[in-house]
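The values are calculated or read from the model by the stated rules, or taken from the named source; none is laboratory data. What you are looking at is a predicted structure, and each value in this text was computed from that prediction instead of being measured. Here the Cβ is made from the backbone with ideal geometry for all residues, glycine too, and neighbour counts use every protein chain on show. Side chains included, ligands, DNA and RNA excluded: accessible areas come from the protein's heavy atoms. Shrake-Rupley method; radii C 1.70, N 1.55, O 1.52, S 1.80 Å.
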Amino acid sequence: MTTAAVAAVTAPKATRRSSAARGRVTVNVVMVAMILYFLMPFWWLVVAATKNNDALFSTAALWFHSPGSFFTNLQQLFTYNDGEYLRWMGNTMIYAGVSGAGATAVATLAGYAFAKYRFPGRNLLFSSLLGAIMVPATALAIPTYLLLSKVELTDSMWAVILPSLLNPFGVYLVRVYVQESLPDELLEAARMDGAGEMRVLWSVALPTLKPALVTVLLFSMVGTWNNFFLPLVMLNNDKLFPLTVGLQSWYQGALIQSGANALFTLVIAGSLVAILPLVVTFLLLQRYWRGGLTVGSLK
């Protein structure tokens with residue numbers, strides 16, 4: 001083969017390798033830019049939490065000024081107004097924990113029933129469920145308040161917990177996962193061995209559905225943890241406030257006082273501390289996010 005022929009064959013390959021390399025570089029640059037974009041608010045929060053009240057408004061926004069003030073801010077955060085922040089943190093953990101567990105249980109039972117049982121009106125009910133996913137939660141806050149006020153449950157923890165137990169997206173997610181990952185043959189084999197329906201659900205279905213259940217649990221907990229409008233409407237007693245409403249009340253107080261009482265630094269430090277439990281929860285539960293648990297279970 002002549003030199004010209006060899007060059008004609010290798011030129012397209014070199015061009016393709018060069019194009020692939022440029023494509024990888026472009027993708028990497030875009031990914032780095034997106035990572036920086038999403039981490040920028042967190043970086044600002046960390047930096048701002050290390051500043052005192054004066055430095056917060058007079059120094060560079062994205063760099064440290066007085067890192068030693070971080071521990072002073074934490075001390076003031078946990079002791080301000082007789083430890084009000086810690087009470088709000090406890091309330092938020094109760095709301096998120098009870099609501100997350102309850103919403104996961106309801107979504108599991110409903111999603112499993114929609115996927116594996118045939119009953120009149122199933123398609124209509126599931127279509128209504130899909131429609132409920134499209135309704136913003138804020139649009140339901142006022143009707144929910146009017147409903148709970150009739151049974152005198154407003155201004156109580158139940159006013160936040162009960163509406164949070166309904167998670168239409170969680171039901172949809174469990175139904176889809178059950179259909180894709182839980183073969184009917186596996187359930188029939190358990191029934192033939194004499195297992196009742198509850199035993200089949202508990203011993204066969206739930207271990208298989210663990211990734212979906214953890215996903216629903218995390219979504220429900222994060223949604224309740226970050227919920228602002230519902231507790232704002234339902235609660236008047238500041239001792240029942242979650243962190244979202246409590247920090248907002250501090251922020252309003254800081255605006256009224258023009259920052260004279262150093263509440264801005266407490267709001268920022270409190271916001272930073274408030275996201276740490278969510279980060280820890282994701283890190284602890286991420287190992288359960290795996291699929292394919294039924295691969296090889298059937299011949």
Fill in: Residue satisfying condition, being more than 26 Å from VAL135 (Cβ to Cβ) and not in a helix (DSSP H, G or I), within set ALA195, ALA189
ALA195
Discussion item. Among the residues in the range 119-128, are any open to solvent by less than 70 Å² (accessible area, probe 1.4 Å), out of contact with any strand residue (DSSP E or B) (no Cβ under 6 Å at 6 or more places or on another chain) and either of a type in the set (Lys, Arg) or closer than 20 Å to LEU209 by Cβ (or both)?
Written reply: yes
Worksheet item: Looking at the range 74-89, which of its residues are open to solvent by 30 Å² or more (accessible area, probe 1.4 Å) and farther than 16 Å from LEU272 by Cα?
Response: THR79, TYR80, ASN81, ASP82, ARG87
Worksheet entry | Subset of the range 160-181 [small (Gly, Ala, Ser) and either over 21 Å from PRO207 (Cα atoms) or not in a helix (DSSP H, G or I) (or both)] | SER164
Discussion item. Looking at the range 166-187, can you tell me whether even one residue there is more than 23 Å from PHE126 (Cβ to Cβ), open to solvent by 40 Å² or more (accessible area, probe 1.4 Å) and of a type in the set (A, V, I, L, M, F, W, C)?
Written reply: no
Practice prompt. Output the residue which, of all residues in the range 223-256 that are part of a loop (DSSP other than H, G, I, E, B) and free of Cβ contacts under 8 Å to residues at least 40 places away in the same chain, is farthest from TYR145 (Cα to Cα).
Written response: ASN226
Response to the item:
Within the range 1-57, the residues that are modelled with pLDDT of 80 or more, under 30 Å from LEU263 (Cα atoms) and open to solvent by 70 Å² or more (accessible area, probe 1.4 Å) are LEU36, TYR37, PHE38, LEU39, MET40, PRO41, PHE42, TRP43, TRP44
Worksheet item: What are the residues in the range 145-165 that are among the β-branched types (Val, Ile, Thr) and either open to solvent by less than 60 Å² (accessible area, probe 1.4 Å) or in contact with a Leu (Cβ under 8 Å, 6 or more places away or on another chain) (or both), if any?
Response: THR154, VAL160, ILE161
Discussion item. Take SER66 and tell me if it is in a helix (DSSP H, G or I) and either under 30 Å from VAL245 (Cα atoms) or at pLDDT below 90 (or both).
Written reply: no
Worksheet item: Which pairs have Cβ atoms under 7 Å, sit 6 or more apart or on different chains, and link a residue in the range 175-194 that is free of Cβ contacts under 8 Å to residues at least 12 places away in the same chain to one that is hydrophobic (A, V, I, L, M, F, W, C)?
Response: ARG191/VAL200
Practice prompt. Name the residue, out of SER99, SER66, that is open to solvent by less than 80 Å² (accessible area, probe 1.4 Å) and under 30 Å from LEU285 (Cβ atoms).
Written response: SER99
Worksheet item: Going by the conditions given, is ALA107 buried (at least 17 other Cβ atoms within 10 Å of the Cβ) and under 20 Å from VAL214 (Cα atoms)?
Response: yes
Worksheet item: Taking the range 258-298 as the search range and keeping residues that are assigned to a loop (DSSP other than H, G, I, E, B), open to solvent by 80 Å² or more (accessible area, probe 1.4 Å) and under 30 Å from GLU84 (Cα atoms), which one is modelled with the highest pLDDT?
Response: SER258
Worksheet entry | Residues that are touching a residue at least 40 places away in the same chain (Cβ under 8 Å) and under 27 Å from ASN226 (Cβ atoms), drawn from the range 110-130 | ALA110, GLY111, LEU129, LEU130
